[in-house]
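The values are calculated or read from the model by the stated rules, or taken from the named source; none is laboratory data. In this text the structure is predicted, and so the values were computed from the model without any measurement. Neighbour counts run over all protein chains shown; Cβ positions are idealised from the backbone, glycine included. Surface areas here come from the heavy atoms of the whole protein model, side chains and all, with no ligands, DNA or RNA. Shrake-Rupley method; radii C 1.70, N 1.55, O 1.52, S 1.80 Å.
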Amino acid sequence: MTDRRTLPVLDILPPAPAAAPRRPSAPIDGRLAEYRPEDQALPRFWIWTLGCQMNRSDSEEIAGRLAAAGCAQAPSLETADLVVVNTCAIREAAEQKVIGRQDQLARLKAANPALRIIMTGCSVREPDRAKLRRRYPAIDLFLRPDEEPELVDRLGLASAQAAIGLAAIGRDGPGGDRTDWPAGSSGSSPATGSTTLVGRTVVGAADHLAASRAGALAAGAIRRSSAISAWVPIIYGCDKTCTYCIVPFSRGPERSRPFDDVVAEVRSLAAAGYREVTLLGQNVNSYGHDLPAEERFAHVGRQRQVGHQLDLRARPDLAELLRAIDGLRTADGRPAIPRLRFVTSHPWDLSDRLVEAIAACDSVCEHLHLPVQSGDDAVLRRMGRQYTIEHYLERLERIRAAVPGITVSTDVIVGFCGETEAQFEATLRLLEQVRYDQVFAAAFSPRPGTPAARLPDDVPAAEKRRRLNVLLALQEQIGLERNRAWLGREVEVLVETIVPRRAHDHDPANGDGPDDRNRPDDDAAEPDSGDPDRPSAAPAGEGRVGLSGRTRGNKLVHLLGDPALVGHLVSVRVEHAGPYSLRGRLVGAAGEHAP
Ligand code: SAM
Ligand code: SF4
Ligand code: F3S
């Protein structure tokens, strides 16, 4: 399905069929000429990314495609000629962030008529296109998440110097009979821009995304935001259809990337010196069920005990993938990627095979993010979560037995339709029982078009807020106690960043703010806590600066040290514990197998 709206500037014809020889993009409107490399300087782009890691990973691909087409990144949104807004729709507050900046975007456009603004991400859903155009008048082009690979072509930027975009997309979807993706190869996927149904709703079909990622990788068109820690999407979309959730409508049904493609991407990351890889999927542990059956995976289906609605006969699963990546070794036998993570797991698909793989693989970090959403079975049923608390606890018990000391985090929604005080309290009791290391909590926000939007949203806003605050206060206490257990211990930290000193910081590395790395970029977890006390650092003499990094259990750790330590695994003795992070003293380089 193609966007047929009247905005003239960027609406070009659908891409040519895959077999057609590659042509330079031929925009139908003269105003696009400003973007054509042969005519004028290429636009400088700025990508504003909201939402989860999947969006951030998508933005890396968008940035890579634009860079490969010859565009440079602008120093700021204000100075860009091309702004890409990669949206999140998980809660209304996330969408409000973009709505709230409409005036600013309109002002920038008035000042710079050449400015083009593209909106993509989860707010761009097929049935809503007309509404989006009305709601966001400053936006020139809307691309669903599955249409992002089209961006370069739709802008008329693809040219002989840009061997990416649709040109790189093979004819068939994942596991299909792919030809090669040589730089400069031609043709477009007929699957690009195609749609399917989730229930009765038209959604983008992500059939071509695996192939387009492979094309972008072959063309070197992924612009990663870190040289240390990389995101690797392994499965797109979500088949779970939890009643409150917009994701299946934004991202469509599940599509796994071919097993060997993922392993090859991780191998190249290891060769490039990456220390950490996080495998991404909205439902990462259902990976593989849609891939073609292969003899080499014959054992998988037989050994799988949960997630039995998935047909895994002779298809790979996440356990198989973890083992294959862990099997990538350096010449001296160490894991080529010392830290391997994966998010987000659905409790329903947490198989014994996966638990065993987590326990067996040296590189797989001792941390599991396992969203529970509610502590009450009736609420879980209304949410369509497909498990009971008993099942959830049984899975947790199993993994805690298999991986002693594993840290566990979760997501919780408070104030879901019909949630009683007693049901809310059941969630509090669950937190007390499980004693999570971290909880990402949010008030229920009805999402138009989801099944829950038809249920009465009967918990008043003030009551949702109260419940959220009660839950966060409880978790703060639990988090503090969990973190205090690390006092005096030595932990392995992968140093990731130099922490910028804030103007009002006086005490070095005294921060203990909530961790936002895994949290959608919106209102979750801090309803009215104001500006959290973000980690900070100060010059500490002798060339030392404030640094931060993470333990294998995903604990945020602050320390002072040489800036050259960024990217290295170090040993840190924990001297201070707050509810959200640890602070410690550097004691030396870490052995790469340290716990
Ligand atoms: N796939 C993951 C799972 O199964 O839990 C999570 C994906 S979602 C991007 C991240 C979190 O957002 C969810 O776990 C849920 O807690 C929260 N969330 C989703 N829809 C929501 C809604 N309508 N209102 C409030 N929170 C929501
Ligand atoms: Fe949304 Fe549920 Fe899918 Fe997670 S599993 S993305 S909460 S539908
Ligand atoms: Fe989409 Fe991620 Fe937000 S999948 S709705 S960007 S949390």
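Return yes or no: is GLY384 within 16 Å of ligand 2 (Cβ to nearest atom), touching a residue at least 40 places away in the same chain (Cβ under 8 Å) and either more than 22 Å from VAL262 (Cβ to Cβ) or not hydroxyl-bearing (Ser, Thr, Tyr) (or both)?
Yes: the conditions hold for GLY384.
For a quick check of your reading of the model, give me the residue pairs whose first member lies in region 433-462 and is at positive phi, whose second is assigned to a strand (DSSP E or B), with beta-carbon atoms closer than 7 Å and at least 6 apart or on different chains.
Once the first residue is at positive phi and sits in region 433-462, its partners that are assigned to a strand (DSSP E or B) give GLY449/THR201.
Taking SER351 as the residue in question, decide whether it is among the polar types (S, T, N, Q), open to solvent by less than 10 Å² (accessible area, probe 1.4 Å) and within 13 Å of ligand 1 (Cβ to nearest atom).
no
Of all residues in region 569-584, how many are within 14 Å of ARG550 (Cα to Cα) and surrounded by fewer than 17 Cβ atoms within 10 Å (Cβ to Cβ)?
Within region 569-584, residues that are within 14 Å of ARG550 (Cα to Cα) and surrounded by fewer than 17 Cβ atoms within 10 Å (Cβ to Cβ) number 1.
Look through LEU143, LEU151 and report the one residue that is over 20 Å from PRO248 (Cβ atoms), open to solvent by less than 10 Å² (accessible area, probe 1.4 Å) and more than 16 Å from ligand 2 (Cβ to nearest atom).
Of LEU143, LEU151, the one residue that is over 20 Å from PRO248 (Cβ atoms), open to solvent by less than 10 Å² (accessible area, probe 1.4 Å) and more than 16 Å from ligand 2 (Cβ to nearest atom) is LEU151.
Which residues, taken from region 387-402, are open to solvent by 20 Å² or more (accessible area, probe 1.4 Å) and either in a loop (DSSP other than H, G, I, E, B) or within 16 Å of ligand 2 (Cβ to nearest atom) (or both)?
Across region 387-402, the qualifying residues are THR388, HIS391.
Of everything in region 409-435 that's buried (at least 22 other Cβ atoms within 10 Å of the Cβ) and outside any helix (DSSP H, G or I), which residue is nearest to ligand 1 (Cβ to nearest atom)?
Checking each candidate, the answer is ILE413.
Residue by residue through region 40-67, note down the ones that are buried (at least 18 other Cβ atoms within 10 Å of the Cβ) and under 15 Å from GLY156 (Cβ atoms).
Of everything in region 40-67, those that are buried (at least 18 other Cβ atoms within 10 Å of the Cβ) and under 15 Å from GLY156 (Cβ atoms) turn out to be LEU42, PRO43, PHE45, ARG65, LEU66.
Select from region 453-470 the residues that are surrounded by fewer than 21 Cβ atoms within 10 Å (Cβ to Cβ) and among the hydrophobic types (A, V, I, L, M, F, W, C) and list them in ascending order.
Listed by number, the residues that qualify are ALA453, LEU455, ALA461, ALA462, VAL470.
Can you list the strands (runs of 3 or more DSSP E) lying wholly within region 485-595 that have 1 or more residues being at pLDDT 50 or above and under 28 Å from ILE90 (Cβ atoms)?
Where strands (runs of 3 or more DSSP E) fall fully within region 485-595 and carry at least 1 residues being at pLDDT 50 or above and under 28 Å from ILE90 (Cβ atoms), they are 490-498, 545-550, 556-561.
Filter region 334-365 for residues that are among the charged types (D, E, K, R), under 21 Å from TYR274 (Cα atoms) and either in the same structural domain as PHE416 (by TED's automatic domain parsing) or in contact with a helix residue (DSSP H, G or I) (Cβ under 7 Å, 6 or more places away or on another chain) (or both) and give the result.
Of everything in region 334-365, just one residue is among the charged types (D, E, K, R), under 21 Å from TYR274 (Cα atoms) and either in the same structural domain as PHE416 (by TED's automatic domain parsing) or in contact with a helix residue (DSSP H, G or I) (Cβ under 7 Å, 6 or more places away or on another chain) (or both), namely ASP362.
Could we say that THR344 is modelled with pLDDT of 95 or more, of a type outside the set (A, V, I, L, M, F, W, C) and within 12 Å of ligand 1 (Cβ to nearest atom) here?
yes
Consider region 309-356. How many of its residues are assigned to a loop (DSSP other than H, G, I, E, B), of a type in the set (A, V, I, L, M) and touching a strand residue (DSSP E or B) at 6+ places or on another chain (Cβ under 9 Å)?
Qualifying residue count for the region: 4.
When region 207-250 is examined, which residues are found to be open to solvent by 30 Å² or more (accessible area, probe 1.4 Å), within 15 Å of ligand 2 (Cβ to nearest atom) and of a type outside the set (S, T, N, Q)?
Selection gives ASP239 alone.
Considering only region 212-252, how many residues are closer than 18 Å to ASN55 by Cα, away from ligand 1 (no atom under 16 Å from the Cβ) and not in a loop (DSSP other than H, G, I, E, B)?
8
Return the residue satisfying two criteria in turn: it lies in region 107-129 and is aliphatic (A, V, I, L, M) and open to solvent by less than 50 Å² (accessible area, probe 1.4 Å), and of such residues it is farthest from ligand 1 (Cβ to nearest atom).
It comes out as ALA114.
Only one residue in LEU370, LEU340, LEU380 is crowded, with 23+ Cβ neighbours inside 10 Å, under 21 Å from GLU394 (Cα atoms) and more than 16 Å from ligand 3 (Cβ to nearest atom), so which one is that?
LEU380
Of the residues SER445, SER409, which is under 22 Å from the mean Cα position of the chain (by Cα), within 25 Å of GLY199 (Cα to Cα) and within 16 Å of ligand 3 (Cβ to nearest atom)?
Just one listed residue meets the conditions, SER445.
Looking only at region 79-105, count how many residues are surrounded by 14 or more Cβ atoms within 10 Å (Cβ to Cβ), at pLDDT 95 or above and either in a helix (DSSP H, G or I) or in contact with a helix residue (DSSP H, G or I) (Cβ under 7 Å, 6 or more places away or on another chain) (or both).
Final tally of qualifying residues: 14.
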